[in-house]
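The values are calculated or read from the model by the stated rules, or taken from the named source; none is laboratory data. Because the structure is predicted, anything quoted here is derived from the model rather than measured. Cβ placement follows ideal geometry from the backbone for every residue including glycine, while neighbour counts extend to all protein chains displayed.
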Amino acid sequence: MAPSAYLWLALAAVYFLLPLYATLDFSLKENKAGTPCCTLSNYGWVIHNGDFWHTIKISFLLALETVVISLLLFVPTIYWVHLKVPRLRPVIAFMALIPFVVPPIVMVVGLLRTFKGTPHWYYAEPWGFLATAYVILAFPYMFFSLDAGFRAIDVHTLTEASQSLGARWTTTLFRVILPNIRAAALAASFLTLAIVMGEFTIANLSAFHTFPIFIQYVNESQGFPAGALTLLSFLITWAAMLSLLLVGRKRGARGAVIAGAR
Amino acid sequence: MLGAFQDKNDHATFSNIRLLFDHPYIDAYKTSIEISFVTALLGGLFGLLVAYAAIREGTPRVVRSILTTFSGVAANFGGIPLAFAFIATIGPLGVLTVWLRNAGWDPSAHGFQLFSKTGVEIAYMYFQLPLMILVIAPAIDGLRREWREAAANLGAKQWQFWRYVGIPVLMPSLLGAIILLFGNAFAAYATAYSLTAGSVNIVPILIGAYYTGNVLDNPHIAQALAFGMFVVLAVMMLLYIPLQRRSARWTR
Amino acid sequence: MSYLELENLHRDFGTVKALNGINITLGEGEFLSLLGPSGCGKTTALRLVAGFDRPDEGRILVDGRDISSVAPNRRDMGMVFQAYSLFPNMTAQQNVEFGLRIRGRHKHERSQRAGELLELVGLTGAGDRYPHQLSGGMQQRVALARALAIEPRVLLLDEPLSALDAKVRVQLREEIRRIQLELGITTLYVTHDQEEALAISDHVAVMYGGVIEQMGTPAEMYTSPATPFVAEFIGTMNRLEATIVDGGAGEVEHAGMRLHVDAARGRRTGERVLLLIRPESLELEARTNGAAPNTFVGEVLTQTFLGPVTRVKVSGEHTSLIADMSTARAAALPVGAQVVARIPSEGAKLISLPDDGPGLPVLDPDNP
């Protein structure tokens, strides 16, 4: 492995792991400040908390839902743009920045007003209302990730090859294009998953009981378990992603294929 | 959005907009833009380096998987937990701070403060870097090995390859990624808030202040602020479009 | 006087021995092809010469100097890859100029040289196009021009024509050879297409399983293959397993028939051999009564029209043979005709088969 590669990866590792270690260090202390290491009581508290499991499940499912909807929505769209109307790309990029600008409260109010007439199941459960909000929130990340992915492959050639072999649009999309942007799609999915698992403001303002809400509650009410909770949430989200990765690997074909190389 | 142009009595006016150019608002914009810019560029640069290190041949594939999944989590690690982690690391009693002090070098004596713009920037990198890594990785995949080899064969050193082939080819994606990072930082609120309890003056915090009722003079100011954010991002996009077109003129 | 020398090269990838002791010598200005099927190690060898990989054992020498540890960007060799090697963000002209730019040549000089080379490869006027605007053949021409622009000591080509269509392939290979002769540049060429190798090389080295099976001029390789693999790989060949019955008189026995073969003289009785007969050496005639020596009796199974020549497949009791004859004559022997095939005694070659060997390597049973 190249020496410069070692260098950068090592530096990255230090930067990323140090704060986590610091949190770990903190979390192993008892409820009083200044006690020496090491106790697992904080972790015990978290794990035995029913709310913990309840909210994690909700957030995780919500995240999956958001990912699926986002992919279904954005992949064909971006594919279409790249293929047929590349001129629209900057326009969509612009639109993709809008979610950044809109303060969460505005989004909640706006969405509430928009969906006033919708049925109760959409409105009151997180699966409808919150998922919509999160899809919007995930849009910028989805767009820029997928855009980079689409740029790296030869969309035209792949599409034409597929069509000349008699495939319909759907077949081309799912069997040809999707496997080739696997890396980008996975990246976009990870980002979305993390966004949902960490999004607090909107969930709070619209009064849903998600995992970040729980974390916030713990942070405000009791300091020490907060550290443990932070780490646990980090690890759990990471595990969720690894499982996503494995699923993606098992089902799909291998990632970006570079023709001509051995 | 329209509320930005209304005054206390809901009459149309530009006074809110004009106010934006006064302190503290203009400072807030300056700070926001600076933080976003710095972390976008640095995040872009280091993100590219780390991503390339993980993806290039010679590095075991598992490294890439670990980095990608970790980045996915880290990219959204923000708000209180992130602030908390950094306080625990480089805060006044942080692990690293104590360690450095024991080794003889006191950070605070050298003017380092976690609760400052620089501190916020350092903390922001924790999600900017991973974001960059995730977004740029697919583009790096698209760098054909033949190009690197052909360049070497023709006598180019590593940096020459990057300068003439690698970076130009990546540029459109790089620009997109950096814009994304900018937007990401610009809109970030929770981390800065938790880290500094509002003492570092950035736009989202100001907006938040209005909504949480801290200063409730003119509600439309908040909307004006939001509108201002919108303008900043619009300007970035206007810069992005011609840059992107220029860098991609060799594609179809 | 050797200019490029590969000395006892070994390269392992895990448990796979990609190169198992390769020795090759090229004189200055010589064109040598490494020929073989996928996986035989020819590309590995080329990449070692280019410097993209290090040998586990052995050395590479250019003009007497050992360059085995020199970095690829300092070896002063020009390489043409199979495909996709042009820098997409540069025009054809800029691609060709790249090597000169790295070497710090001035704009005017670069531009002039690039123009010369583009003209040499027949692409004057296409300099401003980007790679994606060029056809496959044109791209490879640009790649060639680019490799030659730096006036390399050695030219390396890694299956440069494999990705192109047939007509372009033939045309381009002629041009590559013409340019190579004109410039007198030492060239190492890798391909799996034996017709290509035979058509344009000074020497050919057939590789299989990481070793060189045989090396020689195209004519030598064609008329006197030294191993069963080479016999199979180069051209089309009739192969008959036989046993020597009389080494003195040169007689062999195959499928119950005695054949007189000059090449069998001097061999020891009882030895297992492989009889090799080129299709064009077989004489095919309509069957008449009476049995002549050295003939097989059979029936025409298929006829394949190949332009001026027709390939006739004859099937006998124990044997199948392929004969090439002029299309006009083949018309007289349609499918189903009873024929005799005569093997001229001097037209057959012999290779010994190891007694316990695996027999003949089967490359492509449908395409003898």
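Key figures
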| read-out | value |
| --- | --- |
| Only listed residue being free of Cβ contacts under 8 Å to residues at least 12 places away in the same chain and in a loop (DSSP other than H, G, I, E, B), chosen from C:336, C:290 | C:290 |
| Residues being closer than 18 Å to residue B:158 by Cβ, in contact (Cβ under 8 Å) with a residue 60 or more places away in the chain and either assigned to a loop (DSSP other than H, G, I, E, B) or not small (Gly, Ala, Ser) (or both) - total across segment C:39-74 | 0 |
| Count of residues meeting criterion [free of Cβ contacts under 8 Å to residues at least 40 places away in the same chain and hydroxyl-bearing (Ser, Thr, Tyr)] in segment C:184-221 | 1 |
| Some residue of segment B:137-147 being of a type in the set (Lys, Arg), more than 9 Å from chain A (Cβ to nearest Cβ) and assigned to a helix (DSSP H, G or I) | no |
| Leading residue by the ranking (surrounded by the fewest Cβ atoms within 10 Å (Cβ to Cβ)) among those in segment C:221-239 that are touching a strand residue (DSSP E or B) at 6+ places or on another chain (Cβ under 8 Å) and assigned to a helix (DSSP H, G or I) | C:223 |
| Members of segment B:142-179 found to be under 24 Å from the mean Cα position of the chain (by Cα) and crowded, with 22+ Cβ neighbours inside 10 Å, listed by number | B:166, B:169, B:170, B:172, B:173, B:174, B:176, B:177, B:178, B:179 |
| Among residues of segment C:145-182, those that are buried (at least 20 other Cβ atoms within 10 Å of the Cβ), within 19 Å of residue C:203 (Cα to Cα) and basic (Lys, Arg), counted | 1 |
| Matching entry among C:355, C:366, C:324 (being out of contact with any strand residue (DSSP E or B) (no Cβ under 7 Å at 6 or more places or on another chain) and either at pLDDT 85 or above or not hydrophobic (A, V, I, L, M, F, W, C) (or both)) | C:366 |
| Flag if residue C:97 is more than 8 Å from every other protein chain (Cβ to nearest Cβ) and touching a residue at least 40 places away in the same chain (Cβ under 8 Å) | yes |
| Selected residue (criterion: surrounded by the fewest Cβ atoms within 10 Å (Cβ to Cβ)) from residues of segment C:67-88 that are of a type in the set (Gly, Ala, Ser) and at the interface with chain B (Cβ under 8 Å from one of its Cβ atoms) | C:71 |
| Those residues of segment A:45-69 which are within 14 Å of chain B (Cβ to nearest Cβ) and of a type in the set (Ser, Thr, Tyr), in sequence order | A:59, A:66 |
| Segment B:53-90, residues that are without any contact (Cβ under 8 Å) to a residue 40 or more places away in the chain and more than 9 Å from chain A (Cβ to nearest Cβ) | B:61, B:62 |
| Every residue from segment C:224-245 that is in contact with a Lys or Arg (Cβ under 9 Å, 6 or more places away or on another chain) and over 26 Å from residue C:309 (Cβ atoms) | C:241, C:242, C:243, C:244, C:245 |
| Segment A:23-71, subset of a type in the set (D, E, K, R) and within 16 Å of residue A:236 (Cα to Cα), residue modelled with the highest pLDDT | A:57 |
| Residue that is modelled with pLDDT of 80 or more and hydroxyl-bearing (Ser, Thr, Tyr), where the choices are B:164, B:240, B:193 | B:164 |
| Residue within segment A:185-202 that is more than 11 Å from every other protein chain (Cβ to nearest Cβ) and in a helix (DSSP H, G or I) present | yes |
| Close pairs from segment C:257-272: first closer than 14 Å to residue C:351 by Cα, partner buried (at least 18 other Cβ atoms within 10 Å of the Cβ) and not hydrophobic (A, V, I, L, M, F, W, C), Cβ under 6 Å, at least 6 apart | C:261/C:250; C:262/C:250; C:263/C:349; C:264/C:250; C:265/C:250 |
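One line per residue, one yes/no per condition, for (1) surrounded by fewer than 16 Cβ atoms within 10 Å (Cβ to Cβ); (2) in a strand (DSSP E or B); (3) in the same structural domain as residue C:27 (by TED's automatic domain parsing); (4) at pLDDT below 85:
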| residue | (1), (2), (3), (4) |
| --- | --- |
| C:205 | no, yes, yes, no |
| C:214 | no, yes, yes, no |
| C:219 | yes, no, yes, no |
| C:267 | no, no, no, yes |
